[in-house]
Amino acid sequence: MEIQHDQPAALGRYGSEQYGFEGMLSSSADRGWSGLSAQLCTTIRKGVIPWRTPQSDIRICVDIRGNESLVTRRAPGIESRIIARRGTVWLSPPGLQEGSVDIAEDMTGIVHIYLPLSHFSQGNFDINIDESAVGALSYERAFEDPLLTEIGCAIASELQTETSAGSLLVGALASSLAARLLQKHVSGSSAQSFPHRPSQGLDRRRLSRVLNYIEANLEGDLSIERMAAIACLSRYHFARAFRQAVGQSPHRYVSAKRLERAKALLMHGDRPLVDIALALSFSSQANFTRAFRQATGQAPGQFRQGFGSRQSDPPLTDVRRALPVLA
């Protein structure tokens, strides 16, 4: 897995200077994500770090490496002690304003995810979510949750190596995060309100509308919210219905389509690489080059040059066929 070591230009609303983290590896501040925001820290030094709860987001911290450091989190009336391993999760719902985190040994590979409360709306799940459900999220103790860990690792991977459909992936993961929190980490009465019905599929007409929308917006903004609206489904149920109908998740389908578009743009015309990168929703030409090389084995410039040389040097049989015409 390739890692970007350059410091992000902007850390967004939740900067490392606010929470005392060192070694910020990557931030979503320049990615244009709408579903959530996130930061990946390479190093959190041992010691006591001031801690604050976001005013309007749920913060989910996931240890994606595991250093087995003793971590003690304190807030008024609350103390949580745990040996941090890969997959340890700390949850901070809004409302608990401040406290401290005491770290016994240096830690590495912690992803901080900030999930807006808007994901607990009717538009995400097709039901009315009791507001008390968010307030019932368990804070007191750190815990392990394999699904939250995999979601955290997927977000960290996207932070490290940007993909063309990363914003779509993050949008789907945001809905999955909200669903998991409602299913597993709220009080019993609130958890019962979550829908357990199977997701409905996409009929041919609605699927056609969604696919046409994707094709028309490959060089523009594509969002899970808009796709779900076109399909007349909630965000949470749309992602499942799309996979059931197409055999791929929305972000993988869009990623493959954008790779095809990138090849077409490179083969026809001399559009600057940076323009192609931005059109296909990469934050930089460097990230576009990295993703294109990973998918094809060639950098975009090499691919363009190779296609041009094939065009300029036709096979000998083609030349022989053309001789009577040229004569």
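The values are calculated or read from the model by the stated rules, or taken from the named source; none is laboratory data. Bear in mind that the values here come from a model prediction, so they are computed numbers and not experimental data. We place every Cβ from the backbone using ideal geometry, glycine too, and count neighbours over all the protein chains shown. Surface accessibility is based on the protein's heavy atoms, side chains included, excluding ligands, DNA and RNA. Shrake-Rupley method; radii C 1.70, N 1.55, O 1.52, S 1.80 Å.
Rounded if a/c is under 1.5, else prolate if a/b is larger than b/c, else oblate: which is the stretch 218-291, with a ≥ b ≥ c the root eigenvalues of its Cα gyration tensor?
Prolate, since a/c reaches 1.5 and a/b exceeds b/c.
Got a number for the accessible area of LEU137? Probe 1.4 Å, square angstrom, nearest 10.
The accessible area of LEU137 comes to roughly 10 Å².
Under a Cβ-Cβ cut-off of 15 Å, what is the net charge of the residues other than ALA84 that fall near it, where Lys and Arg count +1 and Asp and Glu count -1?
+1
Whole number in Å², please: accessible area per residue of the stretch 252-304, 1.4 Å probe, ligands, DNA and RNA not counted. Don't jump to the answer; show the numbers that get you there.
Working: 2610 Å² over 53 residues.
Dividing the accessible area of the stretch 252-304 by its residue count gives 49 Å².
Order LEU181, LEU173, most accessible first, counting only protein heavy atoms with a 1.4 angstrom probe. Each step should come with its number before you reach the end.
Working: LEU181 0, LEU173 25 Å².
Solvent-accessible surface, decreasing: LEU173, LEU181.
With a 1.4 Å probe and every protein chain left in place, tell me how much accessible area CYS232 has, in Å² to the nearest 10.
100
With a sphere of radius 12 Å drawn around the Cβ of VAL71, what net charge do the other residues whose Cβ falls strictly inside it have (Lys, Arg +1; Asp, Glu -1)?
0
In terms of modelled amide H atoms, which long-range or inter-chain residues lie less than 5 Å from the amide H of LYS46?
Amide H to amide H, under 5 Å and 5 or more residues apart or across chains, LYS46 pairs with ASP106, MET107.
I'd like the Karplus ³J(HN,Hα) series for the stretch 164-170: coefficients 6.51, -1.76, 1.60, θ = phi - 60°, whole numbers in Hz, and an x wherever there's a Gly or Pro.
Going residue by residue, I get 5, 10, x, 5, 5, 4, 5 Hz, with x marking Gly and Pro.
Quick one: go through the stretch 140-169 and flag any residue whose amide nitrogen is under 15 Å from the point 7 Å out along the Cα-to-Cβ line of TYR213.
168-169
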